[in-house]
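Below you'll find the structure, written out as structure tokens, and then a few comments.
Values in this text are rule-based calculations from the coordinates and carry no lab data. Keep in mind the model is a prediction, meaning the values are calculated, not measured. Note that each Cβ is placed from the backbone with ideal geometry, even for glycine, and that neighbours are counted across all protein chains shown.
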Amino acid sequence: MNAYRGFAAGVLFCLAAWSLIDFGPTTLAADKPADGKSVVKLNDGKLTLVAPDAWQVKAPANRIIEYEFALPASEGDEVDGRLTVMGAGGSVDANIDRWIQQFTQPDGKATRERATIKEVKIAGQNVHLVDIAGTFADRRGPFAPAVNREGYRMLGAIIVTDGAGQYFVKLYGPQKTIAAHQKGFDAF
């Protein structure tokens, strides 16, 4: 019986290690039509998002992310904003709760009380918008330790499509940088 447990533990360890290997981008980068804008096509092209010119297309950091962009840092900020687009499951509320739990407040108050959450209709799709600021627990992988980043902000959108699942658009970075790119995020 102990041999089976050892074998099972070994298999689980190998699977966990395998999930951390970076095999490079597994999706195509955003298309760049003649006008130079980056176009993100979701749901076999039925849902299209157009990125502002200043956004730089990046190779997705992992296989879960379908598209990734770097948004140039504002003057005085040392880090670019990071925008990711991915399809995922789970309830809208559970995902919003997960995003909120990634933030803490310097004064110890509940992040949910400070977050702005609203539902809107955009191009016929239900979209849940989230705006959170505070200290962000930045994790770059499931087993990676969190790096606390003070003065961060996140803008998130959960697009609930008709019959094609949900797509998550998440932008985070220093508050000043995110504020500078908010109009572009809203248009995206």
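Averaged over residues, the count of other Cβ atoms within 10 Å places the peptides 141-150, 155-164 in the sequence 155-164, 141-150, highest first. In the frame of its principal axes, segment 62-130 has Cα extents of 38, 32, 25 Å, reported largest first. For the pair segment 143-170 / segment 97-140, the C-alpha centres are spaced 9 Å from each other. Put in line by how crowded their Cβ is, counting other Cβ atoms within 10 Å and starting with the fewest, 152, 67 read 152, 67.
Using the structure shown, select from 46/176; 58/109; 41/109; 109/183 the pairs with a Cα to Cα distance greater than 31 angstrom.
Working: 46/176 33 Å; 58/109 35 Å; 41/109 39 Å; 109/183 28 Å.
Check vs 31 Å cut-off fails for 46/176; 58/109; 41/109.
Phi angles across segment 122-137 convert, under the Karplus curve 6.51 cos²θ - 1.76 cosθ + 1.60 with θ = phi - 60°, into 3J(HN,Hα) values of 10, 6, x, 10, 6, 10, 9, 9, 10, 10, 10, 9, x, 8, 9, 8 Hz, Gly and Pro given as x.
The calculated pair-distance distribution of segment 42-188 uses every alpha carbon pair, bins of 10 angstrom beginning at 0, and gives 11, 42, 38, 9, 0 percent.
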